[in-house]
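Take a look at the structure below.
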Amino acid sequence: MTAWRDVERAEPEFAQRVRALFDAHKHKTIATLRADGAPRISGIEAVFENGELKFGSMPNARKGADLHRDPRFALHSATVDPVEGSEAQWPGEAKISGRAVAARPVTGGSDGDRFHADIAAVVHTHLNEEGTMLVVEWWTPTTGLQRMERE
């Protein structure tokens, strides 16, 4: 299992940038898989707490049912547009994918479902310092941090 603390230990500066993007806005977007295999996109709140990435689902929500059936997810930070003329200042966007692990037994109570992330990949997409190239940096537990630039 790979927790957020593992990302922080392996690549502290990268993890700090990714976390700042997730912490900048309350609402994120999560992708789960429906029973028929089609993707489902839902709004969600997520927090970094005690070295873990945690998120939840309201009682009887479809995204919670999706995650109990197939734990694969992709979580996306809020997206903001670059400011024209100041593109190099754009902080970018971040994504975390992996498997949702139930944080406690499902009771069907009003608290809903709680999960923590078993992280498979973390991505930060942004522009280079000149604002002329797209930079994609990604980290996985097996390959570590990698970087690619493209026009």
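The values are calculated or read from the model by the stated rules, or taken from the named source; none is laboratory data. Owing to the predicted nature of the structure, the values given are computational and were not obtained by experimental measurement. All Cβ positions, even for glycine, are placed from backbone atoms using ideal geometry, and neighbour counts span all protein chains on display.
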Margin query: Pairs needed: first member in region 133-147, farther than 11 Å from Val122 by Cα; second member anywhere, among the polar types (S, T, N, Q); C-beta distance under 6 Å; at least 6 residues apart or different chains.
Written below: Val135/Asn128
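When the residues of region 79-101 are narrowed to those that are modelled with pLDDT under 95 and among the hydrophobic types (A, V, I, L, M, F, W, C), which ends up farthest from Ser57 (Cα to Cα)?
Applying the first criterion (modelled with pLDDT under 95) to region 79-101 yields 79-91.
Subset that is among the hydrophobic types (A, V, I, L, M, F, W, C): 80, 83, 88, 90.
Numbers: Val80: 25, Val83: 34, Ala88: 36, Trp90: 31 Å.
Ranking the candidates gives Ala88 first.
Here are some residues: Arg5, Arg34, Arg19. Which one is touching a Gly at 6+ places or on another chain (Cβ under 6 Å) and at pLDDT 95 or above? I'd like the intermediate steps shown before the answer.
Numbers: Arg34 fails: touching a Gly at 6+ places or on another chain (Cβ under 6 Å); Arg19 fails: touching a Gly at 6+ places or on another chain (Cβ under 6 Å).
Only one candidate passes the filter, namely Arg5.
Taking the stated definitions as given, is Val83 loosely packed, with under 13 Cβ neighbours inside 10 Å and not small (Gly, Ala, Ser)?
On the way: loosely packed, with under 13 Cβ neighbours inside 10 Å: yes; not small (Gly, Ala, Ser): yes.
For Val83, the condition - loosely packed, with under 13 Cβ neighbours inside 10 Å and not small (Gly, Ala, Ser) - is met.
How many residues, within region 16-64, are part of a loop (DSSP other than H, G, I, E, B), in contact with a helix residue (DSSP H, G or I) (Cβ under 7 Å, 6 or more places away or on another chain) and closer than 22 Å to Trp138 by Cβ? Please lay out each step first, then the result.
Pass one, region 16-64, residues part of a loop (DSSP other than H, G, I, E, B): 24-26, 34-38, 50-51, 58-61.
If we keep only those that are in contact with a helix residue (DSSP H, G or I) (Cβ under 7 Å, 6 or more places away or on another chain) as well, we get 34-35, 51.
Going one step further and asking which of them are closer than 22 Å to Trp138 by Cβ, we end up with 51.
Qualifying residue count, region 16-64: 1.
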Margin query: Looking at Ala78 and the list (1) over 14 Å from Ala94 (Cα atoms); (2) among the small types (Gly, Ala, Ser); (3) in contact (Cβ under 8 Å) with a residue 24 or more places away in the chain; (4) in contact with a His (Cβ under 6 Å, 6 or more places away or on another chain), which single condition is not satisfied?
Written below: (1)
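Looking at Thr125, Thr132 in this structure, which one is more than 19 Å from the chain's Cα centre (by Cα) and over 27 Å from Asp36 (Cβ atoms)? Before the answer, list the steps.
Working: Thr125 fails: more than 19 Å from the chain's Cα centre (by Cα).
That would be Thr132, the only listed residue that is more than 19 Å from the chain's Cα centre (by Cα) and over 27 Å from Asp36 (Cβ atoms).
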